[in-house]
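Colleague: This is the structure, below, for whatever I ask next.
FYI, it's all coordinate maths here, none of it is from the lab. What you are looking at is a predicted structure, and each value in this text was computed from that prediction instead of being measured.
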Amino acid sequence: EGKIILDRRALDLKRFNLTIDNESIGKHDFMLLLSIVNLVSHELAHLLYNTVDNTDEQFRKENEIADKITNMYIKL
């Protein structure tokens, strides 16, 4: 139905000491992002581009999305 649901327990967010104020991004926020960027990119490729698992298109789109997410954070 066009939804991506990430199970917070499976992501184990408690292992990260995330910042609370919205004005700063700490090293733990980046650690969280790095730990899930592949999963998020994979699922976004399905949602945005309707890709099929284990195809060249899936891998290309997944890498493209991961690069965009990474570059977005680098520019902060």
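Colleague: Using modelled amide H (1.01 Å from N, peptide plane; none on Pro or chain starts), what sits under 5 Å from the amide H of THR51, excluding residues fewer than 5 places away?
Modeller: Residues meeting the criterion, in which the H sits 1.01 Å from N, are HIS46.
Colleague: Right, next: Tell me, what HN-Hα J-couplings in whole Hz come from the Karplus equation 6.51 cos²θ - 1.76 cosθ + 1.60 at θ = phi - 60° for each residue of the range 63-70, using x for Gly and Pro?
Modeller: Residue by residue, the range 63-70 yields 5, 4, 5, 4, 4, 5, 5, 4 Hz.
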